[in-house]
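As structure tokens, the structure follows; a few thoughts come after it.
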Amino acid sequence: MADAKPRNLRIVMFPFMGQGHIIPFVALALRLEKMMKKKNRAAKNMISLVNTPLNIPKIRSNLPHDSSISLIELPFNSSDHGLPYDGENFDALPYSLVISLLEASRSLREPFRDLVTKILKEEEDDGQSSVVVIGDFFLGWIGQVCKEIGVSSVIFSAAGAFGLGCYRSIWLNLPHKETKQDQFLLDDFPEAGEIEKTQLNSFMLEADGSDDWSVFMKKNIPGWSDFDGFLVNTVAEIDQIGLSYFRRITGVPVWSVGPVLHSREKKAESRSTEEAVKAWLDSKPDNSVVYVCFGSMNSISQTHMLELAMALERSEKNFIWVVRPPIGVEVKSEFDVDEYLPEGFEERVTRSRRGLIVKRWAPQVDILSHKATCVFLSHCGWNSILESLSHGVPLLGWPMAAEQFFNSIFMEKHIGVSVEVVRGKRCDIKCDEIVSKINLVMEETDVGEKIRKKAKEVKELVRRATEDGVSGSSVIGLEEFLGQAMVKKEKN
Ligand SMILES: O=c1ccn([C@@H]2O[C@H](COP(=O)(O)OP(=O)(O)O[C@H]3O[C@H](CO)[C@@H](O)[C@H](O)[C@H]3O)[C@@H](O)[C@H]2O)c(=O)[nH]1
């Protein structure tokens, strides 16, 4: 019910416990804080980010000191769920335990319900406020909790609409189980085009409806229909197929609001890496560097590391490679990169200054925004894609998990800014194939020129979407959402 009086807005945001989700949620919270201040400085608006104890300091370190965003901790003990004692974030777990954290997160339902009930009571006493919850798509139960207590809720998808649409449709219907063909169409999303079985992550491919992933998804995804809307970290001008799909299947508003990008972490311990990376990039010619990084939670096998290292050396291109321990090695363990790379590799590339190896975590946005960077060899996580597109950097795709395969095909076949190098964690890839794809995109080939030109055009589309003065599509999306959030929700 619309209310004529200006209202205060209380926004409660709950990202799933993974860096690929927390980072864009923090970025969205900061964007909303700025917009709300600009709109009405006098209003007592407030934004809170909710998470589990070990993630709260991670979130805090990403907030500027002058931010008034508050952090709220929910009780959670990972050991109660068969997880390591500090296993509260995807980045602290091997991929095999990701499903256990997803399942364990369902235990946050009651504490979250109590929290929102308390917040609602405080705001009702105030009589002037609306409360809205922004939840994560992996926390599908949030919609029902909010419905029951009479609070509006929307999902903020850190994934793009095309990729998430394919992911949703496949998990709900397992269409690949119904066909012997290598390709298939999605029943409720045929406009996504043919999907190949090699584009399914290993859990999807092996799913039979009764495995842990299918069981979780069948509980989680139907919950999305309890939300009052979707905010998607994407750009309307490029992700229309997926946005239309979500509008059609949900019947609720779907706003594109991206890219909401993380402004760089300013942690003291990473400052020396930042400086070293900047100095190295400054010493390189424009458009001469391949940046290689597989996101916050994925690694490749040691065999693949060897092939990739040889390829980077043989390509004779400058490169930055963010190296994480290979699959099968304890994620958090201290590791010596030398152990997993060809003999003398690190020493050779360091001596020649042709390559920079960064252990675990690099200042990705700084790298992508530097004029020396030419192409990004990426696992096609959606944040990485958005960061790359925002800086006009074309992609070399190596999707390996989740919805990354669909993002990769979307960037290559629909948008034209990427070439897929290889798919999956168990693929067979040889060094020469990687070299030829790097050369294809970086050198003066027809494909390379076309892709680099397209990446510049997309950069411009993305820039315009978030431009304030001319009301870009993503600015309008957020404004429409804020307008709707001010409307008080009736209890069901
Ligand atoms: O060395 C690094 C590695 C990562 N990042 C940042 O970490 C984020 C990584 O996000 P993303 O590229 O989306 O990868 P994941 O962390 O793997 O993201 C998960 O979440 C995404 C959003 O839902 C999905 O698209 C992915 O498939 C899923 O793996 C980005 O902001 C990067 O800039 C760094 O700054 N430095």
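Rule-based calculations on the coordinates, nothing more; no lab input. Note that this is a predicted model, so its numbers are computed, not measured. Cβ sites come from the backbone with ideal geometry, for glycine too, and all protein chains shown count toward neighbours.
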- [ ] Give me M36, M411 ranked fewest to most by other Cβ atoms within 10 Å of their Cβ, as a rough exposure proxy.
- [x] M36, M411
Task: Coordinate range along principal axes, alpha carbons of the range 1-157, Å, largest first - done: 51, 34, 23
Task: Ascending count of other beta-carbon atoms within 10 Å, so fewest first, for D286, D211, D226, D239 - done: D286, D211, D226, D239
TODO: Pull out the extension gain between E479 and K121, defined as 0.36 nm times the separation in residues minus the alpha carbon to alpha carbon distance; nm, one decimal.
DONE: 126.3 nm
Open item on the list: Charges on Cβ only, +1 for Lys and Arg, -1 for Asp and Glu, centred on the Cα centroid of the range 418-492; of L440, V470, I429, which one is farthest towards the dipole's positive end?
Closed with: I429
Open item on the list: Placing unit charges on C-beta atoms (Lys and Arg positive, Asp and Glu negative, everything else neutral), compute the dipole magnitude of the chain about its Cα centre in debye, rounded to 20.
Closed with: 1320 debye
Open item on the list: Let me see the P(r) profile for the chain: every Cα-Cα distance counted, bins of 10 Å, each bin given as a percent of all pairs.
Closed with: 4, 19, 31, 27, 15, 4, 1, 0
Task: Debye, to nearest 20: dipole size of the range 269-463, +1 on Lys, Arg Cβ, -1 on Asp, Glu Cβ - done: 480 debye
TODO: May I have the extent of the alpha carbons of the range 269-463 along their three principal axes, as whole Å values ordered from largest to smallest?
DONE: 41, 36, 31
TODO: Report the FRET efficiency, 1/(1 + (r/R0)^6), for S333 and K371, where r is their Cβ-Cβ distance and R0 is 45 Å, rounded to 0.05.
DONE: 0.80
Open item on the list: Need the C-alpha centroid separation for the range 423-492 versus the range 288-365, integer Å.
Closed with: 25 Å
Open item on the list: Give me the one-decimal nm value for the distance between modelled label points at K218 and K177, 7 Å along each residue's Cα-to-Cβ direction.
Closed with: 0.7 nm
Open item on the list: Starting from the 7 Å offset along Cα-to-Cβ, what nm value, one decimal, do you get for the label separation of E275 and Q240?
Closed with: 4.9 nm
- [ ] For each of T117, T273, count neighbouring Cβ atoms within 10 Å of the residue's Cβ, then give the residues from fewest to most.
- [x] T117, T273
Open item on the list: Based on the alpha-carbon set only, what is the convex hull volume of the range 129-258 divided per residue, in Å³?
Closed with: 104 Å³
Task: Column: log10 I(q)/I(0), Debye, Cα scatterers of the range 339-395, q = 0.17, 0.21 Å⁻¹ - done: -0.67, -0.89
Open item on the list: For the pairs K413/K454; K197/K456; K58/K218; K180/K219; K317/K453; K177/K425, flag any whose C-alpha to C-alpha distance is greater than 23 Å.
Closed with: K197/K456; K58/K218; K180/K219
Open item on the list: Under the 0.36 nm per residue contour assumption, what length would be gained going from the current alpha-carbon distance of Q302 and K413 to full extension?
Closed with: 37.0 nm
- [ ] Set Lys and Arg Cβ to +1 and Asp and Glu Cβ to -1, take the dipole of the chain about its Cα centre, and tell me which of G127, L164, W321 lies farthest positive.
- [x] G127
